[in-house]
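Enquirer: Submitted below is the structure of interest, expressed as structure tokens.
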Amino acid sequence: MLRIEHLNLTLGTTPLLVNVNLCVAAGEVVTLTGASGAGKSTLLNWLIGNLPTAFSASGALWLGPRRCDALPTEARGIGILFQDDLLFAHLSVGQNLAFALPASSTGAARRAVVEQTLAGVGLAGFHERDPATLSGGQRARVSLMRALLAQPQALLLDEPFSKLDATLRAQFRGFVFEQIARQRLPTLLVTHDAADAPPGARVIDLSTWQSGANHA
Amino acid sequence: MAQTLRRPLSFWLAVLGVALVFAPLLPGLVWGLSPSINSAVWHSLWLDPQVPQALVATLTSGLLGPALACLLAAGAASALYPGPGWLALQRRLPTLLAVPHAAFAIGLLFLIAPSGWLARAIGQFLSWTVPPAWVTVQDPYALALALALALKESWFLLWSVAAVLGEQAVAQQLVCARSLGYSRAQIWRQVLWPQLLPRLGWPLAAVLGYALSVVDMALILGPTTPPTVAVLAWQWLLDPDARLQAQGGAAALGLLILFAGGVALVRGLWLLGQRGRGYPKGQRQPERPPRWPWQLTLTAPGYAVVAVLALWSVAQSWFFPALWPAALTGASWHGADIGPMWTTLWLAATCSTLCLALILLWLEAGPRQANGWLYLPLMVPALPLVAAQYAALLHAQLDASVAGLVWSHALWVLPYTLLTLVGPYRAFDDRLTTTARALGCSAWQACWRVKWPLLLRPLLASWAVGFAVSVAQYLPTLFVGAGRFATVTTEAVSLSAGGNPRVLAVQALLQVLLPLLAFALASSWPRWAARHRLGWR
């Protein structure tokens, strides 16, 4: 479970988001929407631990019993998926996945897990492929699996569908939500398009948390 | 063929302009270096008693200097990017880069020589009354030269790194890899450098080529008997004896071979490293905060150099071991020979303006794929090129002429102008030109009235870079100008051979001030012009 408590985000002295309280259950996808400038990327940066120095924040971030907001990005155990797939161009498809896999599996077992993961998402035999030779949909799938193989305790999605065309978009959305449900990950989806949200799930407009003064 | 001939006149003008700078080099290389293609010449080079020690000095300074520069730049980038320290460093880089090589070497001489400022600072604690008998500069292994090259070139490398780090994808990859649990140091090693290094190939080659063939810095900080190979080659090339000239040409070619060998070596090591990269093990290391003060390491020498030059230029008497001059005076400035400054000023202004015009024509109308060739002079050692220029000018009977001198500087000014302008120029939104054309402007009117005014800031910035490059030229000024034109650079280098440190400091400081003035002009003019136009960047 991911929980945000009493979060205030300010830029200089201007409040951006005020008293954000949010609880995301395991396997739940909560969608945050808002116009550009509403603070979507700032909130994401705070969640991942990459808040630019111009901003300041108060409040707590909990992952289960663990408080995370003071931890550096690499110690949080939160995975992130950006608009771009961000596959590492100097590694093969399989090596990209192996990069994410925890060190607990070693030797031949590592490669086996990666092969298995690839086969599980319809990319059997893609281990040695150069990521640049993959289609957009294939790259998107590898990118998600890379985030998941690191065994995160929560997942952030930063407009991950916006660069895909309509058909691919529907397919990949379904794929992402299926994987999230399978791994029971609390997930925050940030998007400008409310249609990206899974059916029946919570959608929250960021303007609910904007300061009353701006919003009267 | 008919297709290519049917290109517009402006295309041929653009090509002609650039060809005027480059084409005479080819016959020049033949005329200048053909006497050196002779086994007897190489044999006498081989037997020259100075060569072995000179080669050692060249190899230590030429390999150690660039290697240290890489370590400094890589260490600073890995520790500081992204963060406020990186931004602060990036803001200071243009100023540091504007300090010419010769002025930096002279300042470093004032700092690290046995009677220099550092020895005085140490001497305060040890009660020294005479300078220590240490060999800290002009040492036989050219370690002082290597240090100077390492510090100076690290700024250039950082500037190149900053250019590729400016992209959004790099910052996101860093966040992405950190969210997978890796520390910064690991991410730089395993993710960022492997992807960034192939794109840093040409700056690395440029640093290697420069370090192997540098003459001005080597004359100031390098060993003397014998000097480095580059200095040796240059002395021979200037000798009236044709046999020695040929030997100098051979030594210059030898530098080219060393350069090719160095590039092949680095490339081989890189490929080996690629091959040796194993399957990712997934081992996460804890983050360790950087302990080394990278920012200070990189900027402090630059500021210290300028400060010590400034202090010497106004010192009246300043004997060892005093930390501070006994009295300050403006006499060195009043009595300064400002002839070299005027020569430098008109030469650099003419050359950078001419090159900017040629590059504008080239970018607007020239071929789009041929830029790589224009960068060649930035990479290969300068000595053989200068020898070729001189030979070409002799044949055209233009040696020691103003036109010949401007032309010789253009070979280095032109590529740097292109390098700094090509990014912003290609990034210009072409819809604006289309809009202007649709409103009735001709293609050139659209450039003149819309595109170039909007690009004023990058245009002036690349003009200032060209100006600074021209100010710093030593070899072509001395060689092609046949000693008839003294610039602040040639003056500073010749004064560094001994004599009055105050006079030397004035010329070296002028060498720093002229490029800084150009940069100040290039940044204040657009700001003034755009004072009522917030969107005009």
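Enquirer: Can you work out the Karplus-derived ³J(HN,Hα) for every residue in the range B:185-190? Use 6.51 cos²θ - 1.76 cosθ + 1.60 with θ = phi - 60°, whole Hz, and x for glycine or proline.
Expert: So the Karplus estimates, Gly and Pro as x, are 4, 5, 5, 4, 5, 9 Hz.
Enquirer: Related question: I'd like to verify something in chain A: which complete DSSP H helices, judged by Cα projection on the helix axis, reach 24 Å or more and average at least -0.5 on the Kyte-Doolittle scale?
Expert: A:166-183
Enquirer: Given the Cα-Cα distance of B:L456 and B:A163 and 0.36 nm per residue of separation, how much length would full extension add, in nm?
Expert: Net length gain for the segment: 103.5 nm.
Enquirer: How about B:K451: which aspartates and glutamates have a C-alpha closer than 19 Å to its C-alpha, ignoring those fewer than 8 places off in the same chain?
Expert: B:E364, B:D429, B:D430
Enquirer: Return the FRET efficiency for the residue pair B:D430, A:D193: r is the Cβ-Cβ distance, R0 is 30 Å, and the value is rounded to the nearest 0.05.
Expert: 0.50
Enquirer: I need the calculated FRET efficiency for the pair B:R7 and B:A370, taking r as the beta carbon distance and R₀ as 22 Å, to the nearest 0.05.
Expert: That pair, B:R7 with B:A370, gives E of 0.95.
Enquirer: Right, here's the next one. With θ set to phi - 60° and the Karplus curve 6.51 cos²θ - 1.76 cosθ + 1.60, what are the ³J(HN,Hα) couplings of the range A:194-200 in order, to the nearest whole Hz, using x for Gly and Pro?
Expert: 4, 5, 6, 5, x, x, x
Enquirer: A further question follows. Compute the FRET efficiency between B:L265 and B:N38 as 1/(1 + (r/R0)^6), taking r as their Cβ-Cβ distance and R0 = 30 Å, and round to the nearest 0.05.
Expert: Rounded to the nearest 0.05, the efficiency is 0.60.
Enquirer: Please arrange A:F99, A:F172 by counting, for each residue, the other beta carbons lying within 10 Å of its beta carbon, fewest first.
Expert: The fewest-first ordering by Cβ neighbours comes to A:F172, A:F99.
Enquirer: Let me ask something additional. Under unit Cβ charges (Lys, Arg +1; Asp, Glu -1), what dipole magnitude, rounded to 20 debye, does the range A:89-145 have relative to its Cα centre?
Expert: The dipole magnitude comes to about 80 debye.
Enquirer: What residues qualify as long-range amide H neighbours of B:Q473, i.e. H under 5 Å apart, gap of 5 or more or another chain, H built at 1.01 Å from N?
Expert: Result for B:Q473 returns nothing.
Enquirer: Within 10 Å of each candidate Cβ there may be at most 12 other Cβ atoms; applying that plus a DSSP loop requirement, which chymotrypsin sites (Phe, Trp or Tyr not before Pro) in the range B:32-134 survive?
Expert: B:W134
Enquirer: Let me ask you something else. Please give the average number of partner chain Cβ atoms lying within 10 Å of the Cβ of each residue in B:434-441, rounded to a whole number.
Expert: Per-residue shielding by partner chains comes out at 0.
Enquirer: Once you put a point 7 Å from the Cα of B:A133 and another 7 Å from the Cα of B:W333, both along the Cβ direction, what distance in nm separates them?
Expert: 4.1
Enquirer: Under a cut-off of 19 Å between alpha-carbon atoms, report the lysines in cross-link reach of A:K40, not counting same-chain residues fewer than 8 places apart.
Expert: Candidates past the 8-residue exclusion: A:K163.
Enquirer: Please rank B:K152, A:K163, fewest neighbouring Cβ atoms within 10 Å first, as an exposure proxy.
Expert: Final ranking by Cβ density, sparse to dense: A:K163, B:K152.
Enquirer: Between the range B:433-483 and the range B:65-118, what is the separation of their alpha carbon centroids in Å?
Expert: What the calculation gives is 28 Å, centre to centre.
Enquirer: For a paramagnetic label modelled at 7 Å from the Cα of A:A26 toward its Cβ, which residues of the range A:141-164 fall within the zone defined by backbone nitrogen distances under 17 Å?
Expert: A:151-155
Enquirer: Relative to the present Cα-Cα distance, how much length would full extension add between B:V402 and B:Y303 at 0.36 nm per residue of separation?
Expert: That works out to 32.2 nm of additional length.
A short reminder: the numbers here are calculations on the coordinates, not readings from a lab. In this text, all values refer to a predicted model and were calculated from it rather than measured experimentally. Counting neighbours? That spans all protein chains shown, and the Cβs are built from the backbone with ideal geometry, glycine included.
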